[in-house]
Amino acid sequence: MKELNGKHILLGVTGGIAAYKSADLVRRLRDAGAEVRVVLSSAAARFVTPLTFRALSGHPVPTELFEPEAGSAMGHIELARWADAILIAPATAHTIARLAHGLADDLLATICLASSAPLALAPAMNRQMWCNEATRSNIELLRERGVHLLGPIEGNQACGENGPGRMLEPEQLVRRLTGLFIPPYLAGVRVMVTAGPTLEDIDPVRYLGNRSSGKMGYAVATAAQQAGAEVVLISGVSSLPWPDRMECIDVRSAIEMHEAVMQRVPRCDIFIAAAAVADYRPQQQSKQKIKKDLSHLKLELVRNPDILADVCALTNGPFCVGFAAETERVAEYAQAKLDGKRADMIAVNRVGLPGSGFESDENMLEILWPGGGTTLPRSTKPEIARQLVELIGQRYKQTRK
Ligand code: CTP
């Protein structure tokens, strides 16, 4: 299973320079399991060619309402019915204005009018155009009608300016689109997630670290956010971009992570500890770089606080979910962790196998809670995260009844 498995996504591409990114978007949507059909506006076809999208989507790419080759491709009504969601990326100011006023003067606008599927727009335009009163009121009108606005973000623009109007990156668009299919069963619930590795400094240039990439924790935070939760992500050092629309706090060491968590956790309903926290840190951090003038170097380590155990021990604390990374005797160690830390749930990650755990894009999890458990079979991390968060939501509601 993948996060968009079997979903029919109609991608409309309109005439902006960001159209070149839509080719990558098609590939990513298909990687996420979606079937994709692309419609280009005639302006888009001047930036990118139908052939590119035909090759990437595996389907004909119409551009005109009255195609000369009518019959070889789906008509506008068929496409409107086929779509489970319509995403227009990039959506130009002109397209937004036409949609706001219900025009049906080209194929894409006609499909939008004729479809009852959710419509999502990824605006991309010059910052002045985005800030213009006309665009603002068109956007407001569309928002009121339930159209989903994905972005834009601030940043450098193709015109050389800097400001709001940049299209979200394809990866973020896929994530946001996936969210449209998830009912907001965690609306009003505050979730805290820890993710990534903690790094324990030895001296100004060296540290003790681990192989956690943060992917699983970030995917869990995103899945909770997609389910409607208000999310705080507390992340160790990771190369991943911060997920949008959530509070993200970056920390380095276990001590810093502990402090950030304990400060904010009283306001949370669910705590998910996906971080790979170092159990030990060097007793002393050398202020200067340690030189190799000794034949032996002894590194004295002291225990770090156990963040999960400390949160589990809080009176009236949140519903607590821990992760366990194990290479052997998985069930036994996981049960011991569940009991030892008095967690509400433990998700066990079998590490050391090819294709799961640290750094991998896929994972499988064994889930344990007091008196029960289940297995989430191998899948992409976003899909596993989605299933895990669903399970957490169910258990949270059962135990807090
Ligand atoms: N954890 C934590 N703080 C720590 C250590 C671990 O919050 N100082 C959390 C992790 O985020 C994870 C769970 O505890 O959710 C289990 O971590 P793991 O490292 O697998 O287990 P440990 O408790 O450290 O036990 P061991 O090293 O013996 O496997």
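The values are calculated or read from the model by the stated rules, or taken from the named source; none is laboratory data. Keep in mind the model is a prediction, meaning the values are calculated, not measured. Don't worry about glycine lacking a Cβ; one is built from the backbone with ideal geometry, like all the others, and counts go over all protein chains shown. Side chains included, ligands, DNA and RNA excluded: accessible areas come from the protein's heavy atoms. Shrake-Rupley method; radii C 1.70, N 1.55, O 1.52, S 1.80 Å.
Of the strands (runs of 3 or more DSSP E) lying entirely inside segment 149-202, those containing at least 1 residues that are among the hydrophobic types (A, V, I, L, M, F, W, C) and in contact (Cβ under 8 Å) with a residue 24 or more places away in the chain span 153-156, 190-195.
Look at (1) crowded, with 24+ Cβ neighbours inside 10 Å; (2) outside any helix (DSSP H, G or I); (3) not aromatic (Phe, Trp, Tyr) and you find that Ser22 fails only one, number (2). Filtering segment 202-216 to residues that are open to solvent by less than 50 Å² (accessible area, probe 1.4 Å) and touching a helix residue (DSSP H, G or I) at 6+ places or on another chain (Cβ under 9 Å) leaves only Met216. When Glu247 is tested against (1) in contact with a Leu (Cβ under 9 Å, 6 or more places away or on another chain); (2) open to solvent by 10 Å² or more (accessible area, probe 1.4 Å); (3) more than 22 Å from Thr380 (Cα to Cα); (4) within 16 Å of the ligand (Cβ to nearest atom), exactly one condition is not met: (4). Checking Ala278, Ala324 one by one, the residue that is touching a Pro at 6+ places or on another chain (Cβ under 9 Å), open to solvent by less than 80 Å² (accessible area, probe 1.4 Å) and either outside any loop (DSSP other than H, G, I, E, B) or within 13 Å of the ligand (Cβ to nearest atom) (or both) is Ala278 and no other. All told, Glu230 meets the bar of being touching a residue at least 40 places away in the same chain (Cβ under 8 Å) and either open to solvent by 60 Å² or more (accessible area, probe 1.4 Å) or charged (D, E, K, R) (or both). Right, Leu199: open to solvent by less than 60 Å² (accessible area, probe 1.4 Å), more than 21 Å from Glu259 (Cβ to Cβ) and of a type in the set (A, V, I, L, M, F, W, C) or not? So Leu199 does not fit the description; no. I'd like to check something: does segment 283-302 contain any residue that is in contact with a helix residue (DSSP H, G or I) (Cβ under 9 Å, 6 or more places away or on another chain), touching a residue at least 24 places away in the same chain (Cβ under 8 Å) and either assigned to a loop (DSSP other than H, G, I, E, B) or open to solvent by 40 Å² or more (accessible area, probe 1.4 Å) (or both)? So far as segment 283-302 goes, no, none of its residues is in contact with a helix residue (DSSP H, G or I) (Cβ under 9 Å, 6 or more places away or on another chain), touching a residue at least 24 places away in the same chain (Cβ under 8 Å) and either assigned to a loop (DSSP other than H, G, I, E, B) or open to solvent by 40 Å² or more (accessible area, probe 1.4 Å) (or both).
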